[in-house]
1. So, in Å, what gap is there between the alpha-carbon centers of segment 39-90 and segment 420-466?
2. Just list whichever of 329/417; 146/176; 198/416 have alpha carbons separated by over 29 Å in the model shown.
3. Can you tell me the FRET efficiency between residue 358 and residue 139 if r is taken as the Cβ-Cβ distance and R0 is 45 Å, rounded to the nearest 0.05?
4. Taking 0.36 nm per intervening residue step and subtracting the Cα-Cα distance, what contour gain separates residue 40 from residue 223 on full extension?
5. Hey, with R₀ at 30 Å, roughly what FRET efficiency would residue 33 and residue 93 work out to, going by the Cβ-Cβ distance, to 0.05?
6. Can you give me the angle between helix 490-500 and the longest principal axis of the chain, using Cα atoms only, in degrees from 0 to 90, rounded to the nearest 10?
7. For a protection proxy built on the mean count of beta-carbon atoms within 10 angstrom, sort 35-42, 382-389 highest first, please.
8. How high is the relative contact order of the chain, in percent, with contacts defined as C-alpha pairs under 8 Å that are six or more residues apart?
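Derivation of every value follows stated rules applied to the coordinates shown; laboratory data play no part. Keep in mind it's a predicted model, so treat the numbers as computed, not measured. Glycine also receives a Cβ, built like all others from the backbone with ideal geometry; neighbour counts cover every protein chain displayed.
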Amino acid sequence: MLTLLVLFPLVSCQVALTVMTLIWGPPAAAPLLPYELTRVILLSAAAVAAPWLLKPSMRAPLFPLIVALCLMSIVPLFSPHHVFLAIVNALGRPELMGVVIGALGVGGLMGMLVVRGIMTRTAEQLSLAKGSTQWGNAHALKKPTKGLLLGKMGADYLRYDGDGHLLTVAATRSGKGVGTVIPNLLNYEGSMLVTDPKGENYAVTAAWRRDYLGQKIVALDPFGLVETCNTKVASLNPMDFIDLGGEDYVETAMMLADMMIGRGGQIEESHWRMEAKGLLLSFILYVAEREELNGERHLIKVRSLLTQDSEGMDQTLRAMKKSALPQVKEGACRIEQKADRERSGVFSTAQSHTHFLTSPRMQHVLTSTSCNLEDLRRGKMTGYIILPREYLSTFAPWLRLMISSCYYVCTHGATKKSRPEQRVVFLLDEFANLGYMRNIKEAVSLGSGYGLTMWLILQDLAQLRREYHSEWESFLANCDVIQAFAIQDPFTSQKIAQLLGEMSIWQRRLNKEDKHQFGRMRAGYEEGSRPLLKPDELRRLHPARQLLFVRPYQPVAVDKFVYYKDPLTASRAQPNPFIG
């Protein structure tokens with residue numbers, strides 16, 4: 001309103017002075033600026049504004065303003081003080097009063113048209129009733145100097161330093177490793193656990209994290225992918241976390257059984273899977289209780305008991321019924337109660353889901369523990385879980401066991417332990433290929449309270465829906481950051497388009513006039529909506545660009561990070577054996 005109160009008298013007086021100057025000549029006072037400079041400035045402003053006349057919503061305020069600028073450019077520009085004195089002086093002379101009043105009328109009319117146009121434009125602004133989404137500016141991501149790297153906007157690094165979880169969705173071979181995983185391994189100073197399908201992350205980042213960040217490096221690498229890096233492969237026995245003297249030993253054993261059996265893509269747990277988990281629970285606790293003194297307190301022993309001959313099984317069941325643990329006794333009795341056909345089905349299910357334990361490579365990494373996972377919680381450790389991509393499906397239970405063991409250490413008894421100075425980041429590449437992980441799903445909802453950040457990386461949302469069925473959307477709901485690029489499949493593109501939301505726009509509409517106007521069409525405009533990006537537009541997103549959804553801000557389109565091209569990370573990286 002203050003702008004309008006100032007603009008109206010300025011335009012009115014200057015246009016009136018233009019009319020009087022055209023009739024009588026310029027005032028005797030010196031102009032504010034040389035006439036040619038004034039003319040160039042005013043006509044340039046009019047020329048800059050002219051293209052906006054093509055936008056219907058801008059015509060009302062701009063047309064009278066452009067006309068006023070053109071009129072004002074005819075004469076020199078004088079100070080408002082001199083203009084006021086000239087008008088007052090002319091009004092005091094009867095022979096000039098008529099011309100002055102006429103000039104003021106023209107100036108006032110032009111000033112009113114300018115003010116009315118601006119007020120009309122204000123009234124005609126989009127109400128956002130059809131959609132309030134618009135592209136954000138990423139200011140909130142430019143402020144942090146520490147945190148997780150998300151991308152770049154020009155020369156500015158975009159970081160997230162909140163306590164929420166992150167989800168990345170990008171097609172295969174689209175730069176998830178070089179743009180998301182490796183940059184954060186070369187930048188984040190806290191503890192990290194990363195799944196490494198090729199050993200690439202270890203080869204490029206382990207030296208920096210060990211030598212410059214002072215991190216303990218643990219490589220769980222049963223297939224020896226990083227042996228050429230002079231690395232000692234670590235081992236981790238999940239059964240070491242079963243403390244029979246504590247109160248949570250049953251829950252720990254249940255977690256191990258759940259990670260090995262999984263859900264197998266089914267909506268509900270089948271009878272055979274549930275019974276197989278109960279069977280595994282009993283055998284795990286039996287081995288934990290009886291085999292500790294013999295040095296065979298590990299899952300390889302559990303597998304050997306599951307696959308022994310019938311005579312050996314009978315002896316084992318008799319021994320289990322004498323156990324001091326009620327859960328072991330109960331398990332043996334439940335097995336004996338079953339009919340032969342059901343019993344055979346339960347054992348077959350348990351055996352089929354523990355086939356991976358027959359591999360000698362698993363025996364090397366599961367029979368003992370050579371690392372202290374407490375260092376992960378203390379912020380002093382980086383763990384690389386390395387497995388060839390072609391074995392992801394076969395050895396997914398081992399990956400689940402390793403991740404769950406690390407999660408157990410970070411959360412078990414957390415209320416009695418000091419929180420880590422920096423959040424522990426679980427950077428889980430190929431997350432959907434790990435299979436159903438109940439504890440990670442719960443961690444996304446609750447894990448932020450334990451000082452944990454889950455960063456889940458997928459190829460598409462259809463993978464997540466395949467494994468988690470009706471629960472998959474909870475990942476989208478509970479992740480504070482969603483990163484998306486190289487979207488190709490229809491389901492993911494439709495879902496991301498929905499997340500982007502709708503924006504309000506002006507839509508051109510043709511209305512047929514009445515018969516007295518010979519049936520001509522008249523153009524009008526009304527408020528409508530359209531997606532910020534349509535699914536087909538998402539699939540055509542430039543390969544160097546990405547979308548970021550950061551709660552509670554508007555979505556942004558920014559540049560992807562490439563670690564070997566950026567000065568922040570290029571000097572920290574070791575040679576990448578997978579990039580020629």
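1. Segment 39-90 and segment 420-466 have Cα centres spaced 60 Å from each other.
2. Numbers: 329/417 34 Å; 146/176 21 Å; 198/416 37 Å.
From 329/417; 146/176; 198/416, over 29 Å: 329/417; 198/416.
3. On the way: r = 55 Å, r/R0 = 1.23.
That gives a FRET efficiency of 0.20.
4. Numbers: separation 183, 0.36 × 183 = 65.88 nm, distance 7.47 nm.
Value of the extension gain: 58.4 nm.
5. Numbers: r = 29 Å, r/R0 = 0.95.
That gives a FRET efficiency of 0.55.
6. The two axes meet at around 50 degrees.
7. In decreasing order of mean packing, 35-42, 382-389 become 382-389, 35-42.
8. Across the chain, relative contact order equals 21 percent.
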